[in-house]
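The structure under discussion appears below in the form of structure tokens.
The values are calculated or read from the model by the stated rules, or taken from the named source; none is laboratory data. This one's a predicted model, so the numbers in the text were calculated from it and none came from an experiment. A quick note on method: Cβ atoms are made from the backbone with ideal geometry, for glycine too, and the neighbour counts reach across all protein chains shown. For accessibility, only protein heavy atoms count, side chains too; no ligands or nucleic acids. Shrake-Rupley method; radii C 1.70, N 1.55, O 1.52, S 1.80 Å.
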Amino acid sequence: MAWDLHDYRLVTASAYPGMMAPLTEHPSCVCVLSGDADADLPGTRALSLERLDGVRRRWRFGDVARLADFVPKVLAEAPADDRPILLVPPRASTAWESAAAAWPGRVRLAAGPLEVVERLAEDKVYIRAALQGLGVPVPEALALDRDELDFTAVARRLDAPFIAQTPNGAGGQGTYLVRDAAELAAARQAHPHVTRWLLSRYAGDVTINVAGVVHADGVRLLPASLQISGIPQLGYAFGGYCGSDFATPRIDPGALAQAYLHTERIGAWLAAQGHRGLFGADIAVSGGDVAFLEVNPRIQGSSWLLSRLQERHGLDPCLHQHLRALLGEPLDPADAARPVLATAGSHLLVRWTGPSGVVRAVPRPDSYAGIQVTGLPALGVTLLPGAILARLESTTSLSAPDGRSLLPATTALVATLTSAVTVAPLPPTA
């Protein structure tokens, strides 16, 4: 029997409200928890860290989990409803498991088992070894203790530049392109508490993401997307995730076929580990070669965009598929056999790179030459470096084909947006 979203009351939690669309707009959604406060959701109670603290900054998984404490009050004030609650965070954590257990009524956490997700999400060294054991191509790599980080020795093995990563970074955080000894020392100094590092051979300028949905009895693959990363105009250093482009990546067709083949193999392995729902693999492409970099056992930053695009094409949104898989619905054999269809569309996250300050002026949310602008901060909010300043969405590409630079029209729009933002300096602290 097909699972029906109306059988539950939905509570979502994410860095920004739109990250859980279209779930946040469904009539069953009763509460939206988020870091940013930038969406009007009629009929739905919204709680955000931005409204609670008066500050917008770069939210982490742990930050958003603070909001779990407020949900019992929200549910107590909601109209009587005997439907069970389905709590949907990006991925499982101790905070969400504890909150779900403490809330009144029947609450189900819509996320993979914590004991499975934590190791997959927090240990890149483990993932690389596991992928290699599956026969999935990965870059040549070394796992070294902090005191073993010697540039000359690593470059002799992996060539330079090479990639240095902390084991548990997400969204490109803790990832460095290392060209000399000074850059390796700077990366090490930036993470004084990291005792183990992953060093990898540089595998290519283009990175794609292939996602899928793991059911108990099979894996449904989703369209590949170009990963847009490391663009300074958007406020990102090397490797930082800036957005995604779901136009068919302009890469060797054989490489794309290999990416799908190995991602399906990874999905089957995740199913055996006990994972259910969405996952994604980041894959470097160089000519006809692919190298799998990491696996994300969770809702991804591009899942909302893909859900939007699927809806526009009359397809089942991947976030709906994610929940059905977690609730135990088997994979429809017709879905498993259906070819992966491209669904063109792209999005970008623009981060604030100016000084901390109180927002005094922002541009009016609008569509510029077909590019939709959303997510701007409210007046009076304290804006910190690294916070999302705006989100851009388009039915066409916003970046160059390699995902490392912006198209001219996008560059002009970003410049217009950032120049229109005015912040007043914060008063000096005592």
Across 10 Å bins from 0, what is the distribution of all Cα-Cα pair distances for the range 1-82, in whole percents? 18, 50, 26, 5, 0
Expected 222 nm ellipticity per residue - DSSP helices of 4 or more, -39500 (n - 2.57), all of the chain, to 500: -8000 deg cm²/dmol
Shape of the chain from its Cα gyration tensor (a ≥ b ≥ c, root eigenvalues): rounded if a/c is under 1.5, otherwise prolate when a/b > b/c, or oblate? rounded
Residue ranges of DSSP H helices in the chain that stretch 27 Å or more (Cα, own long axis) and have mean Kyte-Doolittle hydropathy of at least -1.0 are 253-273
Between A409 and T396, what length comes free when the chain is fully extended (0.36 nm per residue of separation minus the Cα-Cα distance, one decimal in nm)? 3.5 nm
Is the shape of the range 228-363 rounded, prolate or oblate, going by the alpha carbon gyration tensor and its root eigenvalues a ≥ b ≥ c, with a/c under 1.5 for rounded and a/b larger than b/c for prolate? prolate
Fraction of accessible area attributable to carbon and sulfur, the range 361-430 (%, probe 1.4 Å): 64
If you count, for each residue, the other Cβ atoms within 10 Å and average over each peptide, how do 305-315, 150-160 line up from highest to lowest? 305-315, 150-160
Dipole of the range 29-139, positive end: most advanced residue of A39, A121, V55 [Cβ charges, Cα centre]: A121
P(r) of the range 381-430 over all Cα-Cα pairs, binned every 5 Å from zero, in whole percent: 4, 15, 21, 21, 15, 10, 7, 5, 3, 1
Looking at the square roots a ≥ b ≥ c of the eigenvalues of the Cα gyration tensor of the range 231-303, which shape do they give, rounded for a/c under 1.5, prolate if a/b is larger than b/c, or oblate? oblate
Here FRET efficiency (C-beta to C-beta, A181 to D289, R₀ 22 Å, nearest 0.05) is 0.15
Considering Cα pairs under 8 angstrom that are at least six residues apart, work out the relative contact order of the chain and quote it in whole percent. 16
